[in-house]
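Trainee: Here you go, one structure.
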Amino acid sequence: MKDGMDMCMFMQNTLTRLMRLPLISVALVQGKAFGGGAELTTACDFRLMTPGSEIRFVHKHMGLVPGWGGAARLVQIVGSGAALQLLSGTARVDPEKALRLGFSEQTLSSSDETRALEEARAWLSQYTEGPVSVIRAMKKVVTAGRELPLEDALRTEKDIFGTVWGGPANLEALVRRPKHK
């Protein structure tokens with residue numbers, strides 16, 4: 001019992017740290033992500049799937065509930081009703097269902113490992129291109145909005161805004177584009 005609880009806390013802490021990284025993360029699901037693999041996908045900012053892949057929360061069949069934080073994060077991603085269906089029904093989530101639920105952002109065109117990884121990198125680049133300091137700041141304000149009470153999130157957003165206002169990326173942007181187009 002102690003070993004199970006130790007693993008639970010270790011994985012919960014690890015996945016929470018992954019989720020809070022000041023980087024934008026994506027889970028690329030190729031094949032099957034069952035149980036702990038399904039929980040891991042919930043710790044990423046985005047999920048991409050390849051044709052024929054699936055995500056499945058099989059914990060019920062093992063006499064368990066998710067213990068790595070997957071249930072709490074799943075509720076935030078798809079809502080409580082859909083989360084309860086996926087967890088208690090151990091439903092197979094294929095790429096089409098994941099898109100319908102808002103659990104996945106896109107189904108990639110290729111199942112080939114190399115091509116899928118290239119496709120995922122290209123997809124992710126739309127969110128990660130640009131000044132690293134701004135991308136990190138953006139992730140921090142989104143994390144605060146998700147995890148903190150509104151007043152604290154607003155204060156955090158204001159504080160982080162103050163770190164980028166007048167900074168190198170802001171000044172360069174003003175020189176390049178004095179007005180929004």
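Trainee: Using θ = phi - 60° and the Karplus relation 6.51 cos²θ - 1.76 cosθ + 1.60, list the HN-Hα couplings for region 57-69 in order, rounded to whole Hz, with x at every Gly or Pro.
Mentor: 8, 9, 4, 4, 5, 9, x, 10, 10, x, x, 9, x
Trainee: So for the chain, if I pair up every lysine 8 or more residues apart or on another chain, how many of those pairs have alpha-carbons under 26 Å apart?
Mentor: 10
Trainee: Taking 7 Å along the Cα-to-C-beta vector as the label spot, tell me the R155-K60 distance in nanometres, rounded to one decimal.
Mentor: 4.2
Trainee: Explain nothing, just the number: relative contact order of the chain, from Cα pairs under 8 Å at least 6 residues apart, as a whole percent. Write out the running numbers ahead of the final one.
Mentor: Numbers: 225 pairs, mean separation 35.9, N = 181.
RCO, the chain: 20 percent.
Trainee: Same structure, new question: Among [x] 17.0; [y] 18.1; [z] 22.8, find the value of Kirkwood radius over Cα pairs in Å that was calculated from the structure presented, and write down its label.
Mentor: [y]
Trainee: For region 103-157, which GluC sites (Glu not before Pro) are both in a DSSP coil and crowded by at most 16 other Cβ atoms within 10 Å?
Mentor: Numbers: sites: E105, E113, E118, E119, E129, E147, E151, E157; in loops: E105, E129.
Passing sites in region 103-157 are E105, E129.
Trainee: Now, a different point. Quickly work out the L99-to-L84 label distance, labels modelled 7 Å from Cα along the C-beta direction, and quote it in nm with one decimal.
Mentor: Each label point lies 7 Å from its Cα, and together they span 2.9 nm.
Trainee: Would you mind getting me the FRET efficiency between V175 and L117? Use the beta-carbon distance for r and R0 = 41 Å, nearest 0.05. Please list the in-between numbers first.
Mentor: On the way: r = 36 Å, r/R0 = 0.88.
The calculated FRET efficiency here is 0.70.
Trainee: Classify region 132-176: rounded, prolate or oblate, from the alpha-carbon gyration tensor (a ≥ b ≥ c, eigenvalue square roots; a/c under 1.5 rounded; otherwise prolate if a/b is larger than b/c)?
Mentor: Working: a/c = 3.75, a/b = 2.27, b/c = 1.66.
Taking the square roots of the gyration eigenvalues as a ≥ b ≥ c, region 132-176 is prolate.
Trainee: A further question follows. Please calculate how many Å² of accessible area the chain carries per residue, with a 1.4 Å probe and no DNA, RNA or ligand atoms counted. Each step should come with its number before you reach the end.
Mentor: On the way: 11220 Å² over 181 residues.
Computed with neighbouring chains in place, this is 62 Å² per residue.
Trainee: What is the calculated FRET efficiency for S109 to I24, with r their C-beta to C-beta distance and R₀ = 25 Å, to the nearest 0.05?
Mentor: Values: r = 22 Å, r/R0 = 0.87.
The calculated FRET efficiency here is 0.70.
Trainee: Further question on the same structure: Pop out the carbon and sulfur fraction of the accessible area of region 115-172 as a percent, whole number, probe 1.4 Å.
Mentor: Details: 2510 of 4070 Å².
Carbon plus sulfur share of accessible area: 62 percent.
The values are calculated or read from the model by the stated rules, or taken from the named source; none is laboratory data. Treat the numbers as computed from the prediction; the structure is a model and nothing was measured. Ideal geometry is used to build each Cβ from the backbone, glycine not excepted, and the neighbour counts take in all protein chains shown. All accessible areas refer to the heavy atoms of the entire protein, side chains included, with ligands and DNA or RNA removed. Shrake-Rupley method; radii C 1.70, N 1.55, O 1.52, S 1.80 Å.
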